[in-house]
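> Before anything else, here's the structure in question.
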Amino acid sequence: MYVIYDRKLTTDQVLAALAEHPKAIAALTAGLPRARLHGSLSRGEWSLNDVLAHLRSCSDMWGKYIATIIAEDRPTIRAMNPTTWIKSTNYPELEFAPSLRAFTKQRAGLLAVLRPLPRAGWSRSATVTGAGRPRERTVLDYAQWLANHERSHVRHIVRVVTSPSPQKNHPPARAHDDVENVRL
């Protein structure tokens, strides 16, 4: 799946998406059995828990960069791939519900920082190194990336929960009508 991380969004769109994604994930996964949350539909595919662990890792990294850019005047940040970061966490091993609560709490903290940010604050920038030539990135760049990236994974979650379970005697987790109203 090709994800457009730099799809242009307004700050209002970014804030709305960042607020909605944890709620959408909670709604989509409510009441699912552990086997459905931790099992994958097919070999090599991420489970819902794997997707959440990945989202938490991305939120850790990109949220930290946003906070650094806001707190410091033109910092230099050494980028780390969230896939590398996740290896230093226990996110993939956690139970889904507590992990989702932690993700939701972390998101509330990020939104508390972003919502009062004046327009000029969204343009604050950093020099980012560690992934090719140094690049300038703004608060808005990282917030857009986070919103766009999560949107693709929420769509993946919709696909997983509306697909028939590969295990015997397990009907699809949700009827299509139940997830149609989840805003993406």
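> Could you list, in sequence order, all residues of the range 82-139 that are of a type in the set (D, E, K, R) and either surrounded by 15 or more Cβ atoms within 10 Å (Cβ to Cβ) or within 16 Å of the chain's Cα centre (by Cα) (or both)?
ARG101, LYS105, ARG107, ARG124, ARG137
> Just to be sure I understand, how many residues within the range 26-46 are farther than 19 Å from TYR91 by Cβ and of a type in the set (Lys, Arg)?
Result for the range 26-46: 1.
We did not get these values from a lab; they are worked out from the coordinates using the rules stated. The structure displayed is predicted, hence computed values, not measured ones. Glycine gets a Cβ as well: all are built from the backbone with ideal geometry, and neighbour counts include every protein chain shown.
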